[in-house]
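The values are calculated or read from the model by the stated rules, or taken from the named source; none is laboratory data. Remember, it's a predicted structure, so these values are computed and weren't measured experimentally. With ideal geometry, Cβ positions are generated from the backbone for all residues, glycine too; neighbour counts draw on all protein chains shown.
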Amino acid sequence: MIDPSRIQTSKDMSEQLRALFKEGRWSHRRLGEAAGLSPATVHAIVSGATELPRTGTLVAFVTACGQPKEPWIAARRRVADVTVTNPTREQLRRQVDQLRARAERAEAELGALLRNRTEVCSGPPVSGGGRP
């Protein structure tokens, strides 16, 4: 039974949106056209690859399915609140991976800057323009 008031987690949200999709006998392409979304976005929502669709995307999806947007927005708010205060292991792993990648990029940039500085400082002396 489709009931956005029962949604408490991102898994609940995915299950309810998938049920809504199946109930309407939609194809990814048809729902995408009706909602103004790409078929890939619809697939990501229906498959659960998108844990929590953005509000605008969610509204487009559910209104194309004939649902009122308000209960779904409220459900999204509940899930977002739980996710922020109690992230899953997978969410934490993703955040750690993202931070690790950012740190590696920053370290590489810093290394390049230091190499350039060393090359500039250890280059040949500049003649002329200096005071005697």
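Working only within the range 55-72, note down all residues that are touching a Phe, Trp or Tyr at 6+ places or on another chain (Cβ under 8 Å) and under 23 Å from residue 82 (Cβ atoms).
Result: 58, 59, 62.
Restricting the first residue to the range 65-85 and requiring it to be farther than 12 Å from residue 9 by Cβ, which pairs with a second residue that is modelled with pLDDT of 95 or more and assigned to a loop (DSSP other than H, G, I, E, B) meet a Cβ separation below 6 Å and a spacing of at least six or different chains?
Listed by first residue and then by second, the contacts come to 65/24.
Looking at 62, 96, 79, 126, can you tell me which residue is surrounded by 10 or more Cβ atoms within 10 Å (Cβ to Cβ), hydrophobic (A, V, I, L, M, F, W, C) and modelled with pLDDT under 90?
None of the other options fit; the residue is 96.
Only one of (1) out of contact with any Gly (no Cβ under 8 Å at 6 or more places or on another chain); (2) surrounded by 14 or more Cβ atoms within 10 Å (Cβ to Cβ); (3) within 25 Å of residue 94 (Cβ to Cβ) fails for residue 42. Which number is that?
With (1) out of contact with any Gly (no Cβ under 8 Å at 6 or more places or on another chain); (2) surrounded by 14 or more Cβ atoms within 10 Å (Cβ to Cβ); (3) within 25 Å of residue 94 (Cβ to Cβ) applied to residue 42, the lone miss is (1).
What is the number of the single condition among (1) surrounded by fewer than 14 Cβ atoms within 10 Å (Cβ to Cβ); (2) of a type in the set (A, V, I, L, M); (3) touching a Lys or Arg at 6+ places or on another chain (Cβ under 7 Å) that residue 74 does not meet?
(3)
Search the range 28-54 for residues that are under 29 Å from residue 87 (Cα atoms) and pair each with any residue that is surrounded by 16 or more Cβ atoms within 10 Å (Cβ to Cβ) and of a type in the set (Gly, Ala, Ser) when their beta-carbon atoms are under 6 Å apart and the residues are at least 6 apart or on different chains.
37/60; 38/32; 39/32; 42/32; 48/14; 50/44; 51/10; 52/10
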